[in-house]
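Working notes, beginning with the structure itself.
The values are calculated or read from the model by the stated rules, or taken from the named source; none is laboratory data. Not measured: the values here are computed from a predicted model. In this analysis, Cβ positions are derived from the backbone assuming ideal geometry, glycine residues included, and neighbour counts consider all displayed protein chains. These accessible areas exclude ligands, DNA and RNA; they are computed on the full protein's heavy atoms, side chains included. Shrake-Rupley method; radii C 1.70, N 1.55, O 1.52, S 1.80 Å.
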Amino acid sequence: MAENVKPRVKVPKSASAGEVITIKSLISHPMESGQRKGPDGNLVPRSIINRFTVELNGKNVIDMQLEPAISTNPYIEFDAKVDEAGEFKFTWYDDDGSVYEETAEIEIS
Amino acid sequence: MELNRRKAIALGAGGAAVVAFAGSALAQAATDAAAPAADAAVNTAAAPQTEAKTVEQWIEEFTGGAEVTEGGITLTAPEIAENGNTVPIEVDAEGASEILVLATGNPTPGVTITKFGEAAGSRKIATRIRLAETQDITAIAKMDDGSFKQATSNVKVTIGGCGG
């Protein structure tokens, strides 16, 4: 059960054509590993974000498979090459079937 | 408008009615929001629990048994992590198409498999991971030419990050 899941991304507003930019992403999520015991002594069931993908104008930037070893509030930093203005689309896939999405525009300066 | 006592009372009642209406609308919205949350809770219970694969199984699955050589990949991790709950790591492998990261001392060694697409600006990722105890972290990169490169880094953990 993931509540108050809030995706956040940091993308520069503009870049020059062909520039490589660094993108930082964070999503608030408990990433329950399935290893931890709750107050009642039973294992807390696993509940994590298991996949994270980023696209720029439909072109894949990264596609990550995440495991329980990723910390609470998964933070991921990576680089993207911007050839044209457009929209980044970030998608997080939860174990419970929820999909969280975020977008960010970028312009060519 | 001249405001006498009667009009003031009427206004007050009107205001109260508006507040009451808004309140009920909010309550309705809250109920609507709660319904999908309950659905999600049911789904969580049914979520498939993947079997814990061993380090060997992870590597075998990733490389298909191919030879893995040292070098050509940089794994940056702290020497000492005071808190195993969140250890910053960075992997950089120029020319890699996929990178596998393993925490060899964790109950479930898998950390991430990252695939880079055509719009990727580099073959580098940084994230934060959990480490249960002092251990080696291994990163294996699948290069564009089909070869595999590996790097290992030992991290001393003061407080473990997997509960228990």
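With respect to residue A:81, is the statement that it is basic (Lys, Arg), touching a Gly at 6+ places or on another chain (Cβ under 7 Å) and in contact (Cβ under 8 Å) with a residue 12 or more places away in the chain true?
Working: basic (Lys, Arg): yes; touching a Gly at 6+ places or on another chain (Cβ under 7 Å): yes; in contact (Cβ under 8 Å) with a residue 12 or more places away in the chain: yes.
Taking the combined requirement at face value, the residue satisfies it.
For the range A:20-30, indicate whether the set of residues that are open to solvent by 10 Å² or more (accessible area, probe 1.4 Å) and within 19 Å of residue B:132 (Cβ to Cβ) is non-empty. Talk me through it step by step, then tell me what you get.
Filtering the range A:20-30 down to residues open to solvent by 10 Å² or more (accessible area, probe 1.4 Å) leaves A:20, A:22, A:24, A:26, A:28, A:30.
Okay, now just the ones that are also within 19 Å of residue B:132 (Cβ to Cβ), so A:30.
There is at least one residue in the range A:20-30 that is open to solvent by 10 Å² or more (accessible area, probe 1.4 Å) and within 19 Å of residue B:132 (Cβ to Cβ).
Which of the residues belonging to the range B:77-106 are surrounded by fewer than 23 Cβ atoms within 10 Å (Cβ to Cβ), touching a Lys or Arg at 6+ places or on another chain (Cβ under 6 Å) and part of a strand (DSSP E or B)?
B:80, B:88, B:92, B:97, B:98
Within the range A:76-109, how many residues are among the polar types (S, T, N, Q) and either assigned to a strand (DSSP E or B) or at positive phi (or both)? Outline the logic, then answer.
Taking the range A:76-109 as the starting set, the residues that turn out to be among the polar types (S, T, N, Q) are A:91, A:98, A:103, A:109.
Pick out the ones that are also either assigned to a strand (DSSP E or B) or at positive phi (or both) and you get A:91, A:103.
Looking only at that region, the number is 2.
Please find, within the range A:1-23, the residue that is modelled with the lowest pLDDT out of those that are out of contact with any His (no Cβ under 8 Å at 6 or more places or on another chain) and within 9 Å of chain B (Cβ to nearest Cβ). Lay out the reasoning, then the answer.
Filtering the range A:1-23 down to residues out of contact with any His (no Cβ under 8 Å at 6 or more places or on another chain) leaves A:1, A:3-4, A:6-23.
Okay, now just the ones that are also within 9 Å of chain B (Cβ to nearest Cβ), so A:1, A:3, A:19-23.
On the way: A:1: 49, A:3: 72, A:19: 95, A:20: 96, A:21: 96, A:22: 96, A:23: 96.
Across the range A:1-23, the extreme among qualifying residues is A:1.
Looking at the range B:107-145, which of the residues that are open to solvent by less than 40 Å² (accessible area, probe 1.4 Å) and not in a strand (DSSP E or B) is farthest from residue B:52 (Cα to Cα)?
Step one: filter the range B:107-145 for residues open to solvent by less than 40 Å² (accessible area, probe 1.4 Å), giving B:108-114, B:116-117, B:119-122, B:125-127, B:129-132, B:135, B:137-141, B:143.
Next cut, not in a strand (DSSP E or B) only: B:108-109, B:117, B:119, B:130-132.
Values: B:108: 5, B:109: 8, B:117: 28, B:119: 32, B:130: 16, B:131: 16, B:132: 15 Å.
The selected residue is B:119.
Among (1) more than 29 Å from residue A:59 (Cα to Cα); (2) open to solvent by less than 40 Å² (accessible area, probe 1.4 Å), there is one condition residue B:158 misses while meeting the rest; what is its number?
Tallying (1) more than 29 Å from residue A:59 (Cα to Cα); (2) open to solvent by less than 40 Å² (accessible area, probe 1.4 Å), residue B:158 fails exactly one: (2).
Sort out which residues of the range B:48-70 are at pLDDT below 90 and hydrophobic (A, V, I, L, M, F, W, C), and write them in order of number. Walk me through how you get there before you give the answer.
Of the residues in the range B:48-70, the ones at pLDDT below 90 are B:48-53.
Passing the criteria: only B:52.
Residues are listed down the side, and each one gets a yes or a no for (1) at the interface with chain B (Cβ under 7 Å from one of its Cβ atoms); (2) under 11 Å from the mean Cα position of the chain (by Cα):
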| site | (1), (2) |
| --- | --- |
| A:26 | no, yes |
| A:30 | no, no |
| A:46 | yes, no |
| A:50 | no, yes |
| A:57 | no, no |
| A:64 | yes, yes |
| A:87 | no, no |
| A:90 | no, yes |
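Could you please give the count of residues in the range B:103-137 that are acidic (Asp, Glu) and more than 8 Å from chain A (Cβ to nearest Cβ)? Give the derivation first.
Residues of the range B:103-137 that are acidic (Asp, Glu), as a first pass: B:118, B:133, B:136.
Still in the running and more than 8 Å from chain A (Cβ to nearest Cβ): B:133, B:136.
Number of matching residues: 2.
Filter the range B:107-123 down to residues that are closer than 18 Å to residue B:60 by Cα and touching a strand residue (DSSP E or B) at 6+ places or on another chain (Cβ under 7 Å), then give me how many there are.
Final tally of qualifying residues: 7.
Residue B:61: surrounded by fewer than 16 Cβ atoms within 10 Å (Cβ to Cβ), within 13 Å of chain A (Cβ to nearest Cβ) and within 27 Å of residue A:93 (Cα to Cα), yes or no?
Details: surrounded by fewer than 16 Cβ atoms within 10 Å (Cβ to Cβ): yes; within 13 Å of chain A (Cβ to nearest Cβ): yes; within 27 Å of residue A:93 (Cα to Cα): yes.
It is true that residue B:61 is surrounded by fewer than 16 Cβ atoms within 10 Å (Cβ to Cβ), within 13 Å of chain A (Cβ to nearest Cβ) and within 27 Å of residue A:93 (Cα to Cα).
Could you check, for the range A:9-26, whether at least one of its residues is part of a loop (DSSP other than H, G, I, E, B), among the hydrophobic types (A, V, I, L, M, F, W, C) and within 28 Å of residue B:54 (Cα to Cα)?
Checked the range A:9-26: no residue is part of a loop (DSSP other than H, G, I, E, B), among the hydrophobic types (A, V, I, L, M, F, W, C) and within 28 Å of residue B:54 (Cα to Cα).
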